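Report on one structure; see the data block that follows.
The values are calculated or read from the model by the stated rules, or taken from the named source; none is laboratory data. All of these numbers come straight from a predicted model, not from anything done at the bench. Backbone-built Cβ (ideal geometry, glycine too); neighbour counts: all protein chains shown. Areas reflect the complete protein model, heavy atoms only, side chains present, ligands, DNA and RNA absent. Shrake-Rupley method; radii C 1.70, N 1.55, O 1.52, S 1.80 Å.
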Amino acid sequence: NVLSEAKKKRSLYPLHLVIGFGLLALFWLMPPIDPITPMGMRCAGAFIAMVYLWSACGTLWPSLVGLFFLAISGYGGEGGFNGVWMQAVGVYTVLLTLFSMVLFGAMDEVGDTKYIAKWFLTRKIFKGRPFVFMAIFYICVFAISAVCQPMTALIILWPVGISLMNTLGVTRDEKFWRYFFVGMFAVATLSQPLFPFMGAQLIPYAAFQSMTAAMGTPMTIPIGQYMVVDIVMTALIMAIYILAMKFVFRVDFSKLKAVDPAMIEKEMPLPPMNLPQKIYLIMVPCFLIMMLVPSFFKDFTICKALNFIGPMGIALIWIMLFLIIRIDGQPLLNFKEVAYRQFNWGIFFMIAAAVYGANTLSDEATGIPDFLIQALTPLLGGRSEMAFVAIMFTVALIVTNFANNAAMAVTLMPVVLNFSNQLDINPMPVATGIILMVFVAMLTPAASPHAGMMHGMKKIYSTKEILAVGFPICIAALILYICVGYPLCKMLMA
């Protein structure tokens, strides 16, 4: 099934190329749509084509194509063609991506993710307690997905989950099976954006900062508050999901009462942790403390220093330290080897292209902000604050299940900024909600790379089961983000 999905995708590749480059040509050749300027039309064409190709063909070469056409659109000004590339690739967020991928990729390379999973899943507290086991299992998925990526969490825990179901006598046709595994995937995708300084979530996070700076009102979403929102909302969504399994969908949990930590111990035999694994495991909480404490204690000298160097400087401190430390004559961090296996060039150039392209969407010189206001005023103008939030979050949920998550969030940012200004509300809580909502992506294979992988695992889920269980999760997440998530963002980011 995975092979058939890949074959189908390859067969559609020429069509996607025609559509993507056709969109580019259309915007470059057609007369400008007032008030968009000729340069604005070229920028819009490059960005729209790039977003489409990201969703249909991948991230690396569409990013290079998008940046190339943005560079020849005239937007670069005096810097010219080379200046656009220097501005796009040399920005802070792109360098942060490089260092964070290597630092946290090294943790995966030494094998810490399996030990994290084993630690969670061998807690004696869940013995004979089905609901506690479900919570611990999902917390384990959350932790690995947040620190590494959803694919890592799923690859490690899919076999554990299947073996556990077989041991407990839970068959493929039982209701518990599909609710357990779809819920597992939901936690993985909800936890993905937890750390805004790494991965695809950095793209809209950085785009918001870049766009607000371009508009003359620079804003940065505070990392600590952002993370609190994601943790609270994921916990709330999954708690309601587990309760709904029991009391709404009448899922039978009885077989789960037999689960025992000894079962997991047998399924995940691991040797004692070595020194590098222990050091990397200690690094994670230390890194997070260094990241978050300055947000709450700004007056201390050490906090001022950490604020000054920011996330990239903190990542560099750990990388330099691990390069200097030698264990058995070898550096604790083999930068070259880790970068070779863990660094994602697609994400690297996607961040560069998305952030630079986002600037064109918010720049008055292109005429695009004025066009967006004119075009969307009938839909969004004159709405109440909560109606505006509900519409934006709903649009985010719909489009992200058919296209690239980060690209959709970036596309919506100019709308958030312009109409937040019209409604005289703080755009930061709305933007935060959009960034988190676009990762509620699981209903189609195009929703995300790991969603494509999930839809291809026919021995675990059928498409019908994914939709039957996933659709209520998505609707519940939307309602909770509108009614709870947005007010929580406002309270924390006032």
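Points worth noting:
- Residue list for the range 326-341, filter: closer than 26 Å to PHE68 by Cα and open to solvent by less than 70 Å² (accessible area, probe 1.4 Å): ALA339
- Taken over the range 390-402, the criterion of being among the hydrophobic types (A, V, I, L, M, F, W, C) and open to solvent by 10 Å² or more (accessible area, probe 1.4 Å) is satisfied by ALA390, ILE391, VAL395, LEU397, ILE398, VAL399, PHE402.
- When PHE137, PHE197 are screened for being surrounded by 18 or more Cβ atoms within 10 Å (Cβ to Cβ), in a helix (DSSP H, G or I) and hydrophobic (A, V, I, L, M, F, W, C), only PHE137 passes.
- Single residue of ALA244, ALA235, ALA239, ALA315 found to be among the small types (Gly, Ala, Ser), open to solvent by less than 40 Å² (accessible area, probe 1.4 Å), in a helix (DSSP H, G or I) and within 19 Å of ALA146 (Cα to Cα): ALA315
- Tabulated pairs, the range 126-139, first under 13 Å from ALA262 (Cα atoms), second in a helix (DSSP H, G or I) and at pLDDT 90 or above, C-beta under 7 angstrom, 6+ apart or interchain: PHE126/VAL132; PHE126/PHE133; PHE126/ILE136
- Taking the criterion of being surrounded by fewer than 17 Cβ atoms within 10 Å (Cβ to Cβ) and either at pLDDT 90 or above or of a type in the set (Ser, Thr, Tyr) (or both), the residues of the range 68-91 that qualify are PHE68, ILE72.
- Filtered residue count, the range 29-54, keeping only those that are farther than 16 Å from ALA403 by Cα, free of Cβ contacts under 8 Å to residues at least 40 places away in the same chain, assigned to a helix (DSSP H, G or I) and open to solvent by 10 Å² or more (accessible area, probe 1.4 Å): 3
- Check on LYS298, free of Cβ contacts under 8 Å to residues at least 24 places away in the same chain and in a loop (DSSP other than H, G, I, E, B): yes
- Pairs, first closer than 20 Å to TYR52 by Cβ and of a type in the set (S, T, N, Q) in the range 430-457, second part of a loop (DSSP other than H, G, I, E, B) and open to solvent by less than 10 Å² (accessible area, probe 1.4 Å), C-beta under 8 Å, six or more apart: THR444/ASN401; SER448/PHE439; SER448/ALA441; SER448/MET442
- The residues of the range 55-67 that are touching a residue at least 12 places away in the same chain (Cβ under 8 Å), open to solvent by 10 Å² or more (accessible area, probe 1.4 Å) and either in a helix (DSSP H, G or I) or within 15 Å of ASN359 (Cα to Cα) (or both), listed by number, are SER55, ALA56, CYS57, LEU60, LEU64, VAL65.
- With respect to being free of Cβ contacts under 8 Å to residues at least 24 places away in the same chain and either open to solvent by less than 30 Å² (accessible area, probe 1.4 Å) or not hydroxyl-bearing (Ser, Thr, Tyr) (or both), PRO414 falls outside the description.
- All positions within the range 140-157 that are open to solvent by 10 Å² or more (accessible area, probe 1.4 Å), in a helix (DSSP H, G or I) and closer than 17 Å to ASN344 by Cα: VAL147, MET151, THR152
- Residue in the range 164-185 that is assigned to a helix (DSSP H, G or I), under 17 Å from ALA258 (Cα atoms) and in contact with a Lys or Arg (Cβ under 6 Å, 6 or more places away or on another chain) present: yes
- Options ALA431, ALA387; residue that is over 21 Å from GLU364 (Cα atoms) and hydrophobic (A, V, I, L, M, F, W, C): ALA387
- One residue stands out in the range 380-412 among those that are out of contact with any Phe, Trp or Tyr (no Cβ under 6 Å at 6 or more places or on another chain) and assigned to a loop (DSSP other than H, G, I, E, B): the one that is modelled with the highest pLDDT, namely SER384.
- Every residue from the range 370-389 that is open to solvent by less than 40 Å² (accessible area, probe 1.4 Å) and touching a residue at least 60 places away in the same chain (Cβ under 8 Å): VAL389
Condition check ((1) open to solvent by 10 Å² or more (accessible area, probe 1.4 Å); (2) over 18 Å from TYR179 (Cα atoms); (3) among the acidic types (Asp, Glu); (4) in contact with a Ser or Thr (Cβ under 6 Å, 6 or more places away or on another chain)) across all residues:
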residue	(1), (2), (3), (4)
THR444	yes, no, no, no
PRO449	yes, yes, no, no
MET454	no, no, no, no
LYS459	yes, no, no, no
PRO472	yes, no, no, no
LEU480	yes, yes, no, no
CYS483	yes, yes, no, no
